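The values are calculated or read from the model by the stated rules, or taken from the named source; none is laboratory data. These numbers come from a predicted model, not from an experiment. Cβ: placed from backbone, ideal geometry, glycine included. Neighbour counts: every protein chain shown. Note: accessible area is taken over every heavy atom of the protein model, side chains too, but ligands, DNA and RNA are not part of it. Shrake-Rupley method; radii C 1.70, N 1.55, O 1.52, S 1.80 Å.
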Amino acid sequence: MPASLPISNTPYWATQSLTVLVPVYNEAESLRQMVAEMDKFLNQAPVATTVLFIDDGSTDGSLSLLRAICQPGTCYEFISLRTNQGLSTAIKAGIDHCRSTLIGYIDSDIQTVPLDFLTFFDFFPEYDMVNGIRAKRQDTFVKKLSSKVANGVRRALINDGIEDTGCPLKIMKMEYARRLPLFHGMHRFLGALVQLQGGRVKQVPVRHFPRFAGTAKYTLWNRAWKPLVDTFGFRWIRSRWKNYEIGEQYRPNGRA
């Protein structure tokens, strides 16, 4: 278990808040255990934290469980998409409904654990995003191989230096999250999109575990071919991306 982060009373942390996004698609078997793992993190988090579940059109009873989990007086909230839209849309919907200064992301299958977020806080505010690297991955050979190939092809085509873009353990500053464009496969390029905005990304090893329950939602097809197609889409977006800085402004009080 990671050591507890020394509580910092610096002005930076005094003004920060965190929302952890947890996309859910047919994960009824894992949700109760996910909450138990999240509670361990919430008890040690050095910053005010809310957990926002995003139900992505589940059909297995996940939404009913979320209604029971998210009660007044808890740190848990949820939104539900009317139909299944995919991971990128679920993450973007979560960002759009956040009120915090920092955004975290973790999957609900508990292959990574919330306690490892504690090691991320040391790198703020110097960095704008911290991305996990899954150490000693507890996946099948085919899953590890397809992921390795996809990561290698992506790095070769966009040269972003992100070692494990698929790691479902990330924290980023809201000002960068707000500018993420929604497109199919966006979740595969979160680090690259932060870099595209001029942000700095730190990569940190995290633990990885076998799936707690349920079945994986990705196949060899969407771990290999789809990421390749999405990478070309990202290259198109990158070639047309624009940043700007305000040089001067005048905004009288009371005007929108």
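Across segment 57-73, coupling constants 3J(HN,Hα) worked out from phi with the 6.51/-1.76/1.60 Karplus curve, θ = phi - 60°, read x, 4, 10, 10, x, 4, 5, 4, 5, 5, 4, 6, 6, 8, 10, x, x Hz, and Gly and Pro carry x. Protein-only accessible surface at a 1.4 angstrom probe places the residues V153, V204 in the order V153, V204, largest first.
With every protein chain left in place and a probe of 1.4 Å, what is the accessible surface of W13, to the nearest 10 Å²? Surface accessible to solvent at W13 totals approximately 30 Å². With a/c under 1.5 counting as rounded, go ahead and sort segment 70-112 into rounded, prolate or oblate using the C-alpha gyration tensor (a ≥ b ≥ c being the square roots of the eigenvalues; past the cut-off, prolate if a/b is larger than b/c, else oblate). Verdict is rounded for segment 70-112. Put simply, the amide H of Q203, placed in the peptide plane, has neighbours under 5 Å in N131, leaving out anything fewer than 5 places away on its chain. Computed over protein heavy atoms with a 1.4 Å probe, the carbon and sulfur contribution to the accessible area of segment 1-139 reaches 50%. Once all protein chains are placed together, Y127 keeps about 40 Å² accessible to a 1.4 angstrom probe.
The H on the amide N of V20, modeled in the peptide plane, is under 5 Å from the matching H of T50, V51, L52, G104, each at least 5 residues off or on a different chain.
Which net charge results when you count Lys and Arg as +1 and Asp and Glu as -1 among the other residues whose beta-carbon is under 13 Å from that of S80?
Numbers: positive: R67, R82; negative: D55, D56, E77.
Every neighbour counted, the sum reads -1.
Around the amide H of D60, modelled in the peptide plane, lie the amide H atoms of N26, all under 5 Å away and 5 or more residues distant in sequence or on another chain.
A full extension of the chain between W236 and F183 corresponds to an added length of 17.9 nm, given 0.36 nm per residue minus the alpha carbon distance. Once both labels are positioned 7 Å from their Cα atoms along Cα-to-Cβ, the gap between Y250 and S80 label points is 5.2 nm. Counted residue by residue at 0.36 nm each, then reduced by the alpha carbon distance between them, the extension gain from A14 to W225 reaches 71.5 nm.
At 1.4 Å probe size, with every protein chain present, just tell me what the per residue accessible area of segment 1-100 comes to in Å².
Numbers: 4790 Å² over 100 residues.
It amounts to 48 Å² per residue over segment 1-100.
In summary, the aspartates and glutamates within cross-link reach of K170, defined as a Cα separation below 12 angstrom excluding same-chain residues under 8 places away, comprise D107, D116, D128. Cross-linked pairs K92/K136; K40/K226; K173/K242: Cα-Cα separations exceed 24 Å for K92/K136; K40/K226. Couplings 3J(HN,Hα) of segment 31-37, computed from phi: 4, 4, 5, 4, 5, 4, 5 Hz, in residue order, whole Hz [Karplus 6.51 cos²θ - 1.76 cosθ + 1.60, θ = phi - 60°; x for Gly and Pro].
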